1. Restricting to region 376-399, name every residue that is part of a helix (DSSP H, G or I) and of a type in the set (A, V, I, L, M).
2. Identify, please: which residue in region 228-249 is farther than 26 Å from residue 188 by Cα and not β-branched (Val, Ile, Thr) and is, among those, surrounded by the most Cβ atoms within 10 Å (Cβ to Cβ)?
3. Could you list, in sequence order, the residues of region 308-339 that are part of a helix (DSSP H, G or I) and open to solvent by 50 Å² or more (accessible area, probe 1.4 Å)?
4. Pairs under 6 Å by beta carbon, first residue in contact (Cβ under 8 Å) with a residue 40 or more places away in the chain and open to solvent by less than 50 Å² (accessible area, probe 1.4 Å) in region 366-388, partner in a helix (DSSP H, G or I) and not aliphatic (A, V, I, L, M), six or more apart or different chains?
5. Residue 42: surrounded by fewer than 21 Cβ atoms within 10 Å (Cβ to Cβ), over 17 Å from residue 386 (Cα atoms) and of a type outside the set (Lys, Arg), yes or no?
6. Which of the residues belonging to region 445-494 are in a strand (DSSP E or B), polar (S, T, N, Q) and modelled with pLDDT under 85?
7. Tell me, which strands (runs of 3 or more DSSP E) wholly within region 1-96 include 2 or more residues that are more than 21 Å from residue 422 (Cα to Cα) and modelled with pLDDT of 95 or more?
8. Do you know which of the residues in region 45-63 that are open to solvent by less than 10 Å² (accessible area, probe 1.4 Å) and of a type in the set (D, E, K, R) is farthest from residue 274 (Cα to Cα)?
Amino acid sequence: MVFAFYNTLGREKQVFKPLQEGKVGFYGCGPTVYNYAHIGNLRAYVHHDILVRSLRRAGFDVNHVMNITDVGHLTDDADDGEDKMVKSAEERGKSVLEIADFYTQAFFNDTERMNIKRPSVVCKATDHIAEMIALIEKIEKNGFTYFAGGNLYFDISKFPSYGDLALLRLDDQKAGARIKQDENKRNAFDFALWFTKSKFENQALVWDSPWGRGYPGWHIECSAMSMKYLGEQFDIHCGGIDHIPIHHTNEIAQSEAATGKKPWVNYWLHNEFLVLDKGKMSKSSGSFLTLQSLVDDGFDPLDYRYFLLGGHYRSQLQFSEESLKGAKNSRKSLLDKVNSLSAKVGTQKPRISAEPPPSPKGEDSHLDLNGLEADVAKYIEDFDKAIEDDLNTPRALAVLWGLLKDGPATADALAAVYDMDRVLGFRLEESVNSKPDGEPENEEFAKEIEELIVKRTEAKKAKDFNTADTIRQNLKDRGIILEDGPNGTTWKRL
């Protein structure tokens, strides 16, 4: 497979050529763990997941590194405002590390529910202060810094290509208007590498450094940790488009200033926003939706995954309850189609499983087209073309639907469906083949469910709502959702 990705650095699709044959170094900006991830945040991590799944299916050995920001991220990306972690800790009456641990676990609970594979390396900022200090020392030694007002700043005037990623016009004074001027800065675009007590006198987490006791700027952590685990140059860096003008621009400047190597990263992939009726989703506005809020409204996390893959990652995606209901219905129809195909295939064994083989280099990870039915092989080829073309998931979904609607009802077709799902991540094979632990055979299980529904109905009539709620929750824990309607209560699997 030959991938072409839209590279923000250059604003064009480029054929992907890794630095090292068969291997990919990939860094994706992770969460700042001061609150729950909102569903707009999760769009980025689904994009990262599709990228990693696609590359691994194509046979690449992918080293996926993701940071956890648990210190130093201010409420404004341009060195202004409070530390987000400290602000959250004060509001909740917890320590910064307690807040970080809680929301880190909450984040990974969400990604697991959405079937997002865990990165190869997850690195916390607070565990890598030494690496950050060492990198800042290199930048300073190479002449790119100045010390003012107790803080160490990066001097962008010493870095001629600053702003290339974001197409910034540094000679246009209006370009700096978006940044609140720090009186210590020589230029509005300069940024802090290390803060001391001059920024906040009562900062919760501080460390000794050559510049005084303080804490790192947000941008330096990604450079330091990515280099530790991927080397001074690597293949792909991802994040949301909001990171382009400040965070990623600053990452490039400080990284290449430290190493003297260009480019630091070859391919920059950025996902667009998820948009609500009132605009871009934001935690700072106080109005955002979590994955759990969707679950509480009766949606499966994979319904949201399906919704996201229905739009290209570089296109803004309008979110509404109606659009999510449409995705829910489409995913249910998809499962019905796969179940029907599986029933027709019967005991014939598919050629592959939903998971790639346990090979460090991903050998034979792609479905072998040799000997495959010609019409089924054509669907696989069309699916590959869609994914190769800048991860075009809407077109890939259309190919999957085409196979299920118009393809043959054979074991090869079922194998192709499962192969495609290794990229799309809907757990199709698992849904077809699995049953909850200890569940009786279907007929007996269905009878048990109906009996519990009757008991729950009787409990509600008797106003014993504790019993009714307990029955609902117990069934939900077993993967069964109850839906109350005018004609009574019905049930379905998650």
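1. In the first step, residues of region 376-399 are kept if they are part of a helix (DSSP H, G or I); the result is 376-388, 393-399.
Result: 376, 377, 380, 386, 387, 396, 397, 398, 399.
2. As a first pass, look at region 228-249 and keep what is farther than 26 Å from residue 188 by Cα: 228-236.
In the following step, the residues that additionally are not β-branched (Val, Ile, Thr) were identified as 228-235.
Working: 228: 16, 229: 20, 230: 22, 231: 14, 232: 14, 233: 17, 234: 24, 235: 22.
The extreme case among them is 234.
3. 321, 322, 325, 329, 332, 333, 336, 337, 339
4. 366/57; 367/419; 372/412; 376/412; 387/54
5. Numbers: surrounded by fewer than 21 Cβ atoms within 10 Å (Cβ to Cβ): no; over 17 Å from residue 386 (Cα atoms): yes; of a type outside the set (Lys, Arg): yes.
When the stated conditions are applied, residue 42 does not pass them.
6. The answer is 490, and nothing else.
7. Working: elements: 4-7, 12-15, 23-28, 61-68, 74-76, 80-83.
The qualifying strands (runs of 3 or more DSSP E) are 4-7, 12-15, 61-68.
8. The extreme case among them is 57.
The values are calculated or read from the model by the stated rules, or taken from the named source; none is laboratory data. Keep in mind that what you see is a predicted model, and the values were worked out from it rather than measured. All Cβ positions, even for glycine, are placed from backbone atoms using ideal geometry, and neighbour counts span all protein chains on display. These accessible areas exclude ligands, DNA and RNA; they are computed on the full protein's heavy atoms, side chains included. Shrake-Rupley method; radii C 1.70, N 1.55, O 1.52, S 1.80 Å.
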